[in-house]
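Colleague: Below is a structure I'd like to ask you about.
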Amino acid sequence: MKGIKTIASDGTITITPDPVAIEPLLTPAEVATMFRVDPKTVTRWAKAGRLSTVRTLGGHRRYREAEVRSLLAFGEQKRVQ
C-alpha cells in the first residue's frame, strides 16, 4: 500500500493513503457531459495540454475531478464577465 508512513512514540505505525491515489477520476464521457461536448473533444483537449490525464493500467484516459471542476468554473466566470 502506498502512502505516508508515520511511527508514533508508542511504536504504532499509521499509513495514510497517498492523496493522489484516492483522488476521484472521471472518464472522458463524464467530462464531456459536464462540458456538453463530445468525448472526442475532451481527448483533443488533453492532447493539446488543456487537461492533464491519468492512464489506467489498460491505457484508458481518466481526468482529475478537481482539475475538471476548476476548468469548468473558470469557463463559467469568463462567460459571466
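Colleague: For the stretch 1-77, list the helices (runs of 4 or more DSSP H) that sit wholly inside it and hold at least 3 residues that are modelled with pLDDT of 85 or more and not polar (S, T, N, Q); which are they?
Modeller: Ranges flagged: 28-35, 39-48.
Colleague: Please specify each residue of the stretch 19-68 satisfying the condition of being small (G, A, S) and over 15 Å from the mean Cα position of the chain (by Cα).
Modeller: If the condition is that a residue be small (G, A, S) and over 15 Å from the mean Cα position of the chain (by Cα), then A48, G58, G59 are the ones that fit.
The values are calculated or read from the model by the stated rules, or taken from the named source; none is laboratory data. Given the structure is predicted, the values throughout are model-derived calculations rather than measurements.
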